[in-house]
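Student: One structure coming up, written as structure tokens, with questions to follow.
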Amino acid sequence: MKKIYGWDYYCEKILWKNDAFIASSLAEKEESYSTFTIGDRGKSRVIQQVDQTSGLYQLQNNLNKNLLSRIPLSKAAAGFVKGKSYQDYLRPHCGKRFHLRLDIRHFFDHVTEEQVVESLKDFVQDERIRINIGQITTLNGCLPQGAITSPAMSNIVFRQIDQRILKYCQAVRKVKEGKQVLYEDIVYTRYADDMMFSSEYLDFRKELSFYKMIKHILMDKGFRLNHDKTYMTEGEISMSGFVVGGEAHGCMVRLSRKRMREINRILNYFDKRAKIDGSPYEVDEEKVKDFRVVDKVNALFPIGKIARFSNKKALMNYLCGYRAFLITFLKGENGQALHQRALERKIKNLEQLIDQCQSRWFGMT
């Protein structure tokens with residue numbers, strides 16, 4: 001892409017706004033955000049969302065569409081990248097023997113306004129424009145989680161870090177195994193704050209110098225790792241409902257059996273059929289109407305686990321979220337047709353259950 005040089009071009013072709021509109025929108029920046037907290041299984045995240053009727057939202061939307069989304073990224077980046085999915089993040093690691101998964105702590109909070117301005121030097125020559133982009137995309141000096149520009153901007157900031165890590169992975173090519181010397185580039189991909197490394201020969205559990213170097217590269221740019229989410233495995237690794245298999249499973253990303261068992265328990269509970277004999281799935285309306293339905297669904301899960309659902313809305317969100325999860329997987333699925341048809345049936349069964357629950361619980365049709 002060509003560099004952005006002049007302020008007038010930036011206003012007219014990128015932001016589609018004049019100086020007065022830009023200044024007034026930035027003057028009201030803090031008032032344009034609303035802050036709320038969302039929770040999931042005992043964890044919470046603070047979301048700062050821009051009012052879609054505000055001038056700031058218009059600036060962010062135009063900036064994202066006309067500039068940020070067009071800046072080339074590292075080949076390691078898979079999250080928030082058009083045409084890529086979570087499976088594109090995982091698939092390069094299929095067939096590998098050893099896996100290392102790292103999680104960056106408070107990812108967006110540690111992307112500073114200074115880093116935003118600095119990361120744009122290769123694409124925006126005018127310092128005034130870079131500073132303005134920093135002002136538009138940040139809140140209180142960092143990227144807000146919830147702004148429409150934050151995903152793209154985080155990838156741009158991380159572009160140089162990704163490149164440095166990729167070069168290090170290429171440098172760690174020689175692995176000794178007894179008297180034999182083996183050569184292999186370490187595979188690296190990143191999905192937002194999730195980082196994955198894999199190798200056929202390098203056992204990350206034994207060669208901790210590799211982990212320490214990645215940690216050093218991140219710390220050098222102000223990022224920290226979440227040690228509770230660091231995993232080093234051999235054979236296969238499971239994340240977010242997906243399983244990356246070793247050589248025995250071929251180059252495939254699979255769905256986690258644990259996650260599948262969870263949704264199957266719920267689907268089976270509401271199944272009206274006496275036995276599964278090939279007939280279409282049928283929802284038991286009496287169970288849907290039961291005033292204790294949430295308690296009975298919670299009872300399907302073993303004692304000692306975190307309580308799944310506090311109310312019908314939470315259960316509904318889970319069903320809708322799992323449907324979206326399966327659809328996302330199906331879009332990236334390139335395996336056997338039989339497996340695809342089974343997923344399609346499960347999605348259809350979920351949709352039937354969701355329709356019944358929405359109608360009975362919330363009067364939605």
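The values are calculated or read from the model by the stated rules, or taken from the named source; none is laboratory data. What you are looking at is a predicted structure, and each value in this text was computed from that prediction instead of being measured. Heads up, the Cβs are rebuilt from the backbone with ideal geometry, glycines too, and the neighbour counts pull from every protein chain shown. These accessible areas exclude ligands, DNA and RNA; they are computed on the full protein's heavy atoms, side chains included. Shrake-Rupley method; radii C 1.70, N 1.55, O 1.52, S 1.80 Å.
Student: Where the only charges are on Cβ atoms (+1 Lys, Arg; -1 Asp, Glu), what is the dipole of the chain about its Cα centre, to the nearest 20 debye?
Tutor: Roughly 1140 debye, rounded to the nearest 20.
Student: Follow-up question, since we're still on this one. What ranking, highest mean first, results for peptides 79-91, 107-119 when packing means the other Cβ atoms within 10 Å averaged over each residue?
Tutor: Highest mean packing first, the order is 107-119, 79-91.
Student: Please compare each pair in Lys312/Lys346; Lys3/Lys215; Lys84/Lys312 to a cut-off of 26 Å on the Cα-Cα distance and tell me which ones are over it.
Tutor: Flagged as over cut-off: Lys3/Lys215; Lys84/Lys312.
Student: Please tell me the relative contact order of the chain in percent, rounded to the nearest whole number, where contacts are Cα pairs under 8 Å and at least six residues apart.
Tutor: After rounding, I find 18 percent.
Student: What part of the accessible area of the chain, given as a whole %, is carbon or sulfur when the probe is 1.4 angstrom?
Tutor: 48
Student: Separate question: Among the listed pairs Lys75/Lys179; Lys229/Lys287; Lys313/Lys348, which are separated by more than 31 Å between their Cα atoms?
Tutor: Lys75/Lys179; Lys229/Lys287
Student: Counting heavy atoms of the protein chains only and a 1.4 Å probe, report the per residue accessible area for the chain as a whole number of Å².
Tutor: 54
Student: If you don't mind, there's one more thing I want to ask. Would you mind computing, in nm to one decimal, how far apart the modelled labels at Asp290 and Ser54 are, each placed 7 Å from Cα along Cα→Cβ?
Tutor: Roughly 4.6 nm, to one decimal.
Student: Separate question: Anything in the chain that counts as a DSSP H helix reaching 24 Å or more along its axis (C-alpha) with Kyte-Doolittle mean of at least -0.5? List them, would you?
Tutor: The qualifying helices are 312-332.
Student: Moving on. Among the DSSP beta bridges whose two residues both lie in the chain, what percent are antiparallel, rounded to the nearest 5?
Tutor: DSSP beta bridges in the chain are roughly 90 percent antiparallel.
Student: Another question, if that's okay. Would you kindly state how much longer the chain becomes between Glu12 and Asn317 on full extension, computed as 0.36 nm times their sequence separation minus their alpha carbon distance, in nm to one decimal?
Tutor: 105.6 nm
Student: Among Ile263, Ile136, Tyr318, whose Cα projects farthest towards the positive end of the dipole of the chain, with charges put on the beta-carbon of Lys, Arg (+1) and Asp, Glu (-1)?
Tutor: Ile263
Student: Name the residue farthest towards the positive end of the dipole of the chain from the options Gln170, Gly6, Phe204, assuming +1 on Cβ of Lys and Arg, -1 on Cβ of Asp and Glu, about the Cα centre.
Tutor: Phe204
Student: Could you calculate the FRET efficiency of Gln352 with Arg45 from 1/(1 + (r/R0)^6), where r is the beta carbon distance between them and R0 is 25 Å, rounded to 0.05?
Tutor: That gives a FRET efficiency of 0.20.
Student: Quick check: Cα centre of segment 178-195 to Cα centre of segment 54-80, how many Å?
Tutor: Taking the Cα centre of each part, segment 178-195 and segment 54-80 sit 29 Å apart.
Student: How far apart, in nm, are two points set 7 Å out from the Cα along the Cα-to-Cβ line at Gln160 and at Ala27?
Tutor: Using points 7 Å along Cα→Cβ, the separation is 3.4 nm.
Student: Let me ask something else about it. Report the gain in length on full extension from Gln125 to Tyr168: 0.36 nm times residue separation, minus Cα-Cα distance, nm rounded to one decimal.
Tutor: 12.6 nm
Student: So, with +1 on the Cβ of K and R and -1 on the Cβ of D and E, and no other charges, what is the size of the charge dipole of segment 87-150 about its Cα centre, to the nearest 20 debye?
Tutor: Its charge dipole is roughly 500 debye.
Student: Using a 10 Å cut-off on Cβ atoms, rank the peptides 21-32, 61-72 from the highest mean neighbour count down.
Tutor: Per-residue Cβ counts within 10 Å, averaged per peptide and sorted highest first, yield 61-72, 21-32.
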